[in-house]
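**Q** Just passing along the structure, written as structure tokens.
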Ligand SMILES: Nc1ncnc2c1ncn2[C@@H]1O[C@H](COP(=O)(O)OP(=O)(O)O)[C@@H](O)[C@H]1O
Ligand SMILES: CCCC(=O)OP(=O)(O)O
């Protein structure tokens with residue numbers, strides 16, 4: 001039986017979208033949204049109509065009759081904590097994502113657009129391995145200030161997909177593996193999968209800086225900054241204008257590597273510091289399972305750089321063998337997840353919050 005699945009992954013400046021016939025990708029694209037197009041909207045959720053139109057245009061251009069779709073799946077957003085796997089999108093979820101998301105984030109649009117397209121066609125829509133997947137152990141939730149709980153907001157979709165892939169290569173069920181994954185993109189999350197559960201994470205809120213995010217910064221200095229500057233500016237400094245871009249004016253690691261080749265000493269130390277901080281996060285998570293780790297996996301766009309991954313590998317290989325899985329397969333992970341549900345191989349959940 002042919003299942004046609006539309007997978008949607010909204011990012012801050014683009015919407016990645018692909019059409020699958022069962023496991024085969026038929027067509028895929030990245031729709032870029034200019035800064036002027038995006039800046040018209042006060043809230044991320046308000047962009048859904050504009051992005052949906054672009055997706056419909058993409059299907060038209062691919063000469064695909066939308067009425068043939070079997071399901072739509074979107075990258076899941078900033079909901080209250082959810083389990084891993086598939087959730088059917090319902091009105092309650094859409095309302096939460098539109099009107100009261102835990103945090104404003106482009107992925108909130110995934111569920112909203114998927115629902116909107118699917119409802120008109122009377123077919124199901126899903127989110128899969130949302131950024132809000134929360135499998136933290138209780139001990140990992142304590143922050144150090146009563147009333148502030150550590151949150152599990154992460155690149156769960158790609159991290160779980162690569163951890164499952166590596167477990168297959170080990171010929172061991174994911175549920176029996178202990179794997180640390182470092183997703184290195186514009187944002188960074190390092191996570192530990194302990195016997196098939198994302199038991200703890202170190203994200204670019206609390207750990208290493210990333211191309212566009214500050215990561216953990218000294219608390220007292222940060223507190224002073226908060227008193228000195230407006231909230232929106234501080235927010236931009238930690239997400240969007242933090243990390244590599246704050247030091248070197250680029251979010252592109254390839255630019256940084258070019259600067260280093262041209263003898264730029266500051267670029268070199270910042271580059272090494274990013275690898276150093278990522279390695280520290282991996283070390284930190286290795287103790288979650290008392291050092292018993294099957295593999296460390298480095299993934300995301302940055303994992304294309306052998307020069308960069310080597311810096312990390314040298315520091316962490318004493319913990320476990322290091323595997324490099326460059327890039328991310330988020331669209332494929334979304335589509336395959338939805339397909340497993342359609343084929344009855346996996347159950348979807350009902351969102352009730
Ligand atoms: N071949 C490469 N060598 C070094 N860095 C790369 C390469 N390809 C992509 N990157 C870097 O990966 C980062 C983006 O990763 P990506 O996973 O695409 O992030 P996102 O999906 O968050 O935009 C950028 O810093 C980019 O420069
Ligand atoms: C909110 C955690 C996931 C995340 O930061 O995703 P992006 O890097 O895609 O913004």
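The values are calculated or read from the model by the stated rules, or taken from the named source; none is laboratory data. Predicted model only: the values in this text are computed from it and were never measured. Cβ atoms come from the backbone with ideal geometry, glycine included; neighbour counts cover every protein chain shown.
**Q** Select, from 78, 19, the only residue that is assigned to a loop (DSSP other than H, G, I, E, B) and over 13 Å from residue 113 (Cβ atoms). Steps first, please.
**A** Numbers: 19 fails: assigned to a loop (DSSP other than H, G, I, E, B).
From the options 78, 19, the qualifying one is 78.
**Q** Something else now. Scan region 254-269 and tell me whether some residue there is modelled with pLDDT of 95 or more, within 16 Å of ligand 2 (Cβ to nearest atom) and part of a helix (DSSP H, G or I).
**A** Among the residues of region 254-269, not one is modelled with pLDDT of 95 or more, within 16 Å of ligand 2 (Cβ to nearest atom) and part of a helix (DSSP H, G or I), which makes the answer no.
**Q** Quick one: is residue 205 within 14 Å of ligand 2 (Cβ to nearest atom), modelled with pLDDT under 95 and surrounded by fewer than 23 Cβ atoms within 10 Å (Cβ to Cβ)?
**A** yes
**Q** I would also like to ask the following. Output the residues belonging to region 120-138 that are within 13 Å of ligand 2 (Cβ to nearest atom) and surrounded by fewer than 24 Cβ atoms within 10 Å (Cβ to Cβ).
**A** 134
**Q** Can you confirm whether region 33-43 contains a residue that is assigned to a loop (DSSP other than H, G, I, E, B), within 24 Å of residue 93 (Cα to Cα), touching a helix residue (DSSP H, G or I) at 6+ places or on another chain (Cβ under 9 Å) and at pLDDT below 95?
**A** yes
**Q** Determine which member of the set 323, 288 is more than 16 Å from ligand 1 (Cβ to nearest atom) and part of a helix (DSSP H, G or I). Write out each step before concluding.
**A** Values: 323 fails: part of a helix (DSSP H, G or I).
Answer to the selection: 288.
**Q** Just checking, does region 281-290 include any residue being within 16 Å of ligand 2 (Cβ to nearest atom) and touching a residue at least 40 places away in the same chain (Cβ under 8 Å)? It would help to see each step written out before you state the result.
**A** At the first step, the residues of region 281-290 found to be within 16 Å of ligand 2 (Cβ to nearest atom) are 281.
Retained after the next criterion (residues that are touching a residue at least 40 places away in the same chain (Cβ under 8 Å)): 281.
Yes, region 281-290 has at least one match.
**Q** Tell me the residue from 242, 185, 191, 207 that is touching a strand residue (DSSP E or B) at 6+ places or on another chain (Cβ under 7 Å) and within 13 Å of ligand 1 (Cβ to nearest atom), please. Break it down stepwise before answering.
**A** Working: 242 fails: within 13 Å of ligand 1 (Cβ to nearest atom); 191 fails: within 13 Å of ligand 1 (Cβ to nearest atom); 207 fails: within 13 Å of ligand 1 (Cβ to nearest atom).
The conditions single out 185.
**Q** Among the residues of region 291-320, what is the count of those that are without any contact (Cβ under 8 Å) to a residue 24 or more places away in the chain and in a loop (DSSP other than H, G, I, E, B)?
**A** Selection size over region 291-320: 2.
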